[in-house]
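Working notes, beginning with the structure itself.
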Amino acid sequence: MSEGGTISWIVLIMGLFGGLALFLFGMQKMSEGFKKSAGKSMRSILARITKNRFVGLTAGAFVTLVIQSSSATTVMLVGFVQAQLLSFTQTLSVILGANIGTTFTAQIIAFRITDYALLMVILGFALSSFAKKEKYKYLGESILGFGILFLGMKFMSDAMNPLRDYPGFINMIKNLDNPVYGLLAGALITALIQSSSAFTGIIIVLAQQGLITLEASIPMLLGANIGTCVTAALSTIGASRDAKRVAIAHVIFNTLGALAFLFWIPTFADIVRSVSPASDVTGMAKLAAETPRQIANAHTLFNVSLGLVFLPFTGLLAKLIYLIFPIREADKTPVLSTWHLDSNALKTPSVALNLCMAEIGRMAKILRRMLEGLNYRLIGEQLTDDREIRGYGTTKALDMREQKIDFLQKAITDYLIRIGGENLTEMQSNENATLISITRSMEAIGDIIHRDMLPLIRKKEQKGIDFSVEGKQDIKHYCHKVIKQLRRLEELFSEHSISRGIKIVSKETEYADLDAGFRKRHLKRLYEDRKESRVTHEMHLEVMDYFKQINVYITGIARSMIHISEISES
């Protein structure tokens with residue numbers, strides 16, 4: 001206040017918004033440090049989510065703790081649904097976990113350690129600037145972020161201090177005792193600043209000044225949970241129906257949960273007080289000491305309860321959302337599109353690289369399907385589960401899949417180049433460059449199947465010739481072995497299973513011996529002057545050569561991924 005007892009609004013606004021800016025910047029720095037140090041774990045967890053709902057809940061909480069944004073986690077899930085790595089139903093448990101992950105920041109800032117903010121800034125800056133090991137640099141970034149975050153809180157707290165005796169502000173806060181007004185205020189402010197953690201921080205700052213009660217803060221926390229859905233909802237404008245389903249699920253969970261708690265706030269407040277530590281001080285000092293911790297606990301209890309209550313009913317909710325956004329026939333039509341790549345993930349390189357690997361896994365699956373279709377034309381082996389070949393015929397299906405491979409190679413490469421423009425660690429830069437090379441190898445495999453092997457089939461059919469019975473068996477056996485390698489490659493990328501890469505490489509000598517044995521048997525039939533072997537001699541050896549080339553590419557890709565894994569673990 002000024003000497004006359006009036007508030008200097010310019011100073012107050014600068015302190016409040018300046019503190020908020022520092023708070024958001026600190027949270028961003030803290031998140032960047034977490035992402036760099038925990039990115040690999042985050043990738044592994046997301047890739048291994050199973051049908052177990054509790055695993056999904058835990059994964060959602062962990063990932064959101066790292067990236068400090070439940071909205072970003074929700075947006076990220078869209079790519080996994082489109083990639084068929086997760087079913088839409090599985091994402092629902094992850095969304096519930098994401099809400100729990102957002103409570104971490106509130107728990108931390110409820111500790112009154114703002115007086116040590118500058119110490120954390122000094123320590124964090126020293127580690128991030130002078131530490132030689134990357135893990136300590138990342139730790140330093142996180143500590144620096146914490147320090148700046150608490151420094152921002154101190155500025156906001158100091159700016160709000162004069163409001164304790166200002167009647168207009170006190171009356172406005174009293175109006176927020178109305179749960180509906182509090183809910184709307186929380187949703188609106190959170191939607192504007194697009195951070196429920198930041199708004200929770202503001203509420204805790206108000207509580208530290210003794211300006212707000214626990215009962216008044218709870219509806220605002222409930223509103224913040226609704227407001228945080230706005231970011232995810234906006235990201236689905238013009239997006240796929242899968243994206244809209246995930247965003248709708250986020251809105252339904254948070255809105256229904258908020259409305260359910262809105263009607264028993266006094267009881268919920270009593271429960272929160274009973275599980276929160278009491279303070280020895282009395283009067284306003286007691287309120288200022290206890291309420292911030294109670295608010296953080298209310299935030300956590302609400303989101304944990306919401307997750308546990310809704311978790312058993314995710315299947316029913318999925319059916320409800322499919323009624324709102326049903327699968328259309330157009331959704332089933334093959335189109336040239338990426339399933340995983342998401343521009344929103346570029347600011348989180350570890351996640352963006354993960355999405356690229358999932359897309360490369362999709363390339364491996366398409367290549368496997370191409371080879372299976374070619375084998376059908378080559379030796380007449382029946383396929384029972386290939387809808388594209390049944391619907392379009394082998395040649396058209398192979399043409400369509402070749403177009404997909406070319407499209408994905410370009411799309412993934414472009415995306416990797418965009419990732420390269422971000423602030424990458426040395427390990428991430430190496431991985432980025434390796435994945436660019438791998439996509440070229442994937443395209444080369446597609447060219448071998450479509451450009452080189454398919455014409456051989458047409459030539460065989462035009463001439464009306466066929467391989468010997470033994471020759472067909474050898475080709476079938478070799479083709480199945482290469483298909484197995486492609487399946488392992490698919491699992492290597494889609495499940496991040498380095499053990500599959502090791503398995504691929506371990507088969508190198510075995511497959512080389514197998515190739516030599518096939519050639520010897522063919523030559524033996526040729527020396528015996530078998531008619532089928534004689535007329536298909538060149539074609540038979542060409543097919544063997546192409547299988548060998550594909551296997552060499554697969555093995556090289558697996559070696560590259562093993563090398564990346566070894567570097568990351570060293």
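Odds and ends about this structure:
- Total residues in region 207-228, condition open to solvent by 10 Å² or more (accessible area, probe 1.4 Å), part of a helix (DSSP H, G or I) and either touching a Ser or Thr at 6+ places or on another chain (Cβ under 6 Å) or modelled with pLDDT under 80 (or both): 2
- Residue within region 366-383 that is modelled with pLDDT under 75, part of a helix (DSSP H, G or I) and crowded, with 20+ Cβ neighbours inside 10 Å present: yes
- Close Cβ contacts (under 9 Å, 6 or more residues apart or on different chains) running from residues in region 4-27 that are of a type outside the set (Val, Ile, Thr) to residues that are exposed (fewer than 13 other Cβ atoms within 10 Å of the Cβ) and at pLDDT below 75 comprise 5/165; 8/2.
- Conditions (1) closer than 28 Å to residue 301 by Cβ; (2) modelled with pLDDT of 80 or more; (3) over 33 Å from the mean Cα position of the chain (by Cα): number failed by residue 185: (3)
- Yes/no for residue 117 being of a type in the set (A, V, I, L, M, F, W, C), open to solvent by less than 40 Å² (accessible area, probe 1.4 Å) and in contact (Cβ under 8 Å) with a residue 60 or more places away in the chain: no
- Those helices (runs of 4 or more DSSP H) lying entirely in region 1-94 with at least 2 residues modelled with pLDDT under 70 and open to solvent by 20 Å² or more (accessible area, probe 1.4 Å): 9-47, 70-82
For (1) within 17 Å of residue 207 (Cα to Cα); (2) buried (at least 18 other Cβ atoms within 10 Å of the Cβ); (3) modelled with pLDDT of 85 or more, each residue gets a yes or a no:
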position: 277; (1), (2), (3): yes, no, no
position: 296; (1), (2), (3): yes, yes, yes
position: 314; (1), (2), (3): no, yes, no
position: 319; (1), (2), (3): no, no, no
position: 323; (1), (2), (3): no, no, no
position: 326; (1), (2), (3): no, no, no
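- Matching residues in region 393-417 - criterion: being free of Cβ contacts under 8 Å to residues at least 40 places away in the same chain and touching a helix residue (DSSP H, G or I) at 6+ places or on another chain (Cβ under 6 Å): 394, 397, 413
- The set of residues in region 479-493 that are open to solvent by 20 Å² or more (accessible area, probe 1.4 Å) and touching a helix residue (DSSP H, G or I) at 6+ places or on another chain (Cβ under 7 Å) comprises 481, 487, 488, 490, 491.
- Residue satisfying all of: in region 434-464; among the basic types (Lys, Arg) and open to solvent by 20 Å² or more (accessible area, probe 1.4 Å); farthest from residue 531 (Cα to Cα) among these: 440
- Test: residue in region 353-365 that is open to solvent by 20 Å² or more (accessible area, probe 1.4 Å) and either more than 19 Å from the chain's Cα centre (by Cα) or at pLDDT 90 or above (or both): yes
- Residue count, region 499-525 (criterion: over 18 Å from residue 477 (Cβ atoms) and open to solvent by 50 Å² or more (accessible area, probe 1.4 Å)): 5
So that you can scan it fast, the table gives a plain yes or no per residue for (1) at pLDDT 85 or above; (2) closer than 22 Å to residue 202 by Cα; (3) not in a loop (DSSP other than H, G, I, E, B):
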| position | (1), (2), (3) |
| --- | --- |
| 239 | no, no, no |
| 252 | yes, no, yes |
| 261 | yes, yes, yes |
| 286 | no, yes, yes |
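- Single match in 429, 437 (criterion: of a type in the set (Ser, Thr, Tyr) and more than 21 Å from the chain's Cα centre (by Cα)): 437
The values are calculated or read from the model by the stated rules, or taken from the named source; none is laboratory data. These numbers were taken from a predicted model, which means no experiment stands behind them. Backbone-built Cβ (ideal geometry, glycine too); neighbour counts: all protein chains shown. For accessibility, only protein heavy atoms count, side chains too; no ligands or nucleic acids. Shrake-Rupley method; radii C 1.70, N 1.55, O 1.52, S 1.80 Å.
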